Amino acid sequence: MRLYDTATRAKVAFEPLEAGKVGIYVCGPTVYDYCHVGHARCYVAFDVIVRYLRQLGLAVTYVRNVTDIDDKIIRRAQEQGEEPLALAARFTDAFHEDMRRLGNRVPDVEPTVSGHLPEIIALVERLVASDHAYVVDGDVYFAVDRFADYGALAARQLDELQAGARVEVDPRKRSPLDFALWKAAKPLEPSWPSPWGAGRPGWHIECSAMSERYLGATFDLHGGGMDLAFPHHENERAQSRASGGATSFARYWLHNGFINVRTAELGEEKMSKSLGNFFTIREVCARHEPEALRLFLLGTHYRNPIAFEIDARPEGPTFPLLEEAERRLGYAYRTVQRVRSARSSAAGAALSGAAPMGPALAGSGPAVLPPADAFRERFAAAMDDDFNTAAALGLLAELLAQANKLLDQAKGQPRDVVARTLAAIDAGLETVSAVLGLLGDDPQAFLQRRRDKLCQARAIDAAQVAAQIAARGAARRAKDFKQADALRAELSALGVELMDRPDGTTDWVVREEPVSATP
RNA sequence: GGCGGCGUAGCCAAGUGGUAAGGCAGAGGUUUGCAAAACCUCCACGCACCAGUUCGACUCUGGUCGCCGCCUCCA
């Protein structure tokens, strides 16, 4: 398996530190607000990476922290007259809810800063003792010039950094680049006792302390958003290597690309809280199936930027790419439903056109028809290549088309070949569900939920639709097609599309495009 | 100013030295009483532009243009 390592800026072969085991640390959220689509992308990407590593049979320890002590949390809490840790707890719950809806698995360990003060203080003490850090008035700073390799992760030159430093420099720091490991307490801020007096941890030290606690001084993978590479990850690395040895800490660095917001009038810009142009996961999920967001995100390789298209309308913004993803999901679930029901029906009796297995056919020909026969291998090859979910979804598209084709007309294929191919397709769908976290819902439930939602949006009364369908059925049986078509047209005007099944029953869906004012 | 990324059909998006996956939209067809769903066929002689390397380049090298980001909190 090959992955792109930020530190070496190249795709490299992945070799776990310890055969059969993988330790991965992903920087989690600072919980002072609801998570937006950008966060969703990061956590979906790493969820898939963890799922795939597990699929390969590796014993993965997935650690994703929650930062619950931080300047922004304190500020927000003061604004709202709330205790900082209470506010953090509230948004942690919201975060967990968002993750669950997106289909992300729960990490093995989800450490909080507030729960790891002893580890953090011990690490700072070690850095002070080894002269990698110094104390000024109750603050503790990391001395960047005591770590020769500083800047190597994010490819920064120290002199250039200093030239570009725009923040006002604290004159007590030896170098402008030095960063706080421990901050002395200020009035009205939460604080904890330490050897340097009451205070709280700096931003970067938590990840160093907590990754060491749960994964050891050296571990395999460290992930996060691209913007975290510098300075956050550079600083983590400096702290950890200064205390744990020159080759310690993360062995590979993975960084996901960003979400840009694209609107007709403003063009593209990064989605971020500071720009105020973000859409929260919950607000997007109020309009669309969370799984549609997941499918949308996995449609682009995790390191590439994604333009999140916004169609600004008087009645509120819509997300055309999510609408497309949701329609696609409808197709996928309809197909899954067909596959499962065909496989469970007796002897594949529902299949048309499949020739009975004869002696001449037994043992000859392909056991499983392409492309289903090679799905597993090709899926693995895509994922082995730096977790290429976009390529994997291309393979899924072929698999779904083959399933429908086979189910529509088996074209004289031996029945056992059809059965085996369907079994292979089903197995492929299981793999997709396990690794990508897609199509794991009950198809019937998904389709029903979606139709209900569309009905509600258009004020369609399902009982009335059923009555109209019954009336049309009677008309059809009486061969009164004029009347039947009139009823169909009536429903169609409401946005209801009828689908006559071969068995004489009629199913219906709500059309997804807005109904045009005049035909 | 330094560093990094991106630019592939109307739109989304893989590919990254051997002659352009997949999806959406569109056109035609099969099927259907009519539809819908589903399937099939078609849809980039070309991968921002220019110049090189090569038997061969979307893929490598150099340059140009455009967009985004990091260097400050940020997924």
Can you give the extra length, in nm with one decimal, that the chain gains between A:Ala19 and A:Asp503 once fully stretched, where that is 0.36 nm per residue apart less the Cα-Cα distance? 168.7 nm
With DNA, RNA and ligands ignored, accessible area of A:Met226 (1.4 Å probe; Å², nearest 10): 80 Å²
10 Å Cβ shell holding at most 11 others, DSSP loop, GluC sites (Glu not before Pro): longest site-free stretch of chain A: A:316-519
On average, how much accessible surface per residue is there in chain A, in Å², for a 1.4 Å probe, leaving out ligands, DNA and RNA? 46 Å²
When a/c reaches 1.5 or more, the comparison of a/b and b/c decides; with that in mind, is the stretch A:21-158 rounded, prolate or oblate per its Cα gyration tensor? oblate
Karplus 3J(HN,Hα) series, Hz, for the stretch A:11-19 with 6.51 cos²θ - 1.76 cosθ + 1.60 (x for Gly, Pro): 7, 10, 6, 8, 10, x, 4, 10, 3
Ordered by residue, what ³J(HN,Hα) values in Hz, to whole numbers, does the stretch A:202-216 give under the Karplus form 6.51 cos²θ - 1.76 cosθ + 1.60, where θ = phi - 60° and Gly and Pro are x? x, 5, 7, 5, 4, 5, 5, 5, 6, 5, 5, 4, 9, 10, x
Could you please put A:Met499, A:Met383 in sequence from largest to smallest accessible area, using a 1.4 Å probe? A:Met499, A:Met383
Residue-averaged 222 nm ellipticity for chain A, from DSSP H runs of 4+ at -39500 (n - 2.57), nearest 500: -14000 deg cm²/dmol
Of all accessible heavy-atom area on chain A, the percent that carbon and sulfur account for (1.4 Å): 53 percent
In chain A, what percentage of the DSSP-assigned beta bridges are antiparallel, given to the nearest 5? 50 percent
Residues with amide H under 5 Å of A:Ser114's amide H, sequence separation 5 or more or different chain, H placed in the peptide plane at 1.01 Å from N; which? A:Asp68, A:Ile69
Neighbour-limited loop hits for trypsin sites (Lys or Arg not before Pro), the stretch A:231-320 (at most 10 other Cβ within 10 Å; DSSP other than H, G, I, E, B): none
Over the stretch A:459-510, what per residue volume does the convex hull of the Cα atoms give, in whole Å³? 63 Å³
FRET efficiency, 1/(1 + (r/R0)^6) with R0 51 Å, evaluated for A:Lys273 and A:Glu398 via beta carbons: 0.80
So what J values fall out for the stretch A:326-334 if you push phi through Karplus, 6.51 cos²θ - 1.76 cosθ + 1.60 with θ = phi - 60°, rounded to Hz, Gly and Pro as x? 5, 4, 4, 5, x, 4, 4, 5, 4
Classify the stretch A:405-519 from the C-alpha gyration tensor, please: rounded if a/c falls under 1.5, else prolate or oblate depending on whether a/b exceeds b/c. oblate
Quick check on the stretch A:5-136: of the DSSP beta bridges with both residues there, what percent are antiparallel, nearest 5%? 20 percent
Could you name the lysines in cross-link range of A:Lys186, using Cα to Cα under 30 Å and dropping any fewer than eight places away on the same chain? A:Lys72, A:Lys173, A:Lys273
Amide H neighbours of A:Phe278 under 5 Å, at least 5 residues apart or on other chains, H built in the peptide plane: list them. A:Ser272
For A:Lys21, the residues 5 or more places away or on another chain with a placed amide H closer than 5 Å to its own amide H are A:Ala59
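The values are calculated or read from the model by the stated rules, or taken from the named source; none is laboratory data. The structure displayed is predicted, hence computed values, not measured ones. As a convention, Cβ positions derive from the backbone with ideal geometry for all residues, glycine included, and neighbour counts pool all protein chains shown. Only protein heavy atoms, including side chains, enter the accessible area calculation; ligands, DNA and RNA are left aside. Shrake-Rupley method; radii C 1.70, N 1.55, O 1.52, S 1.80 Å.
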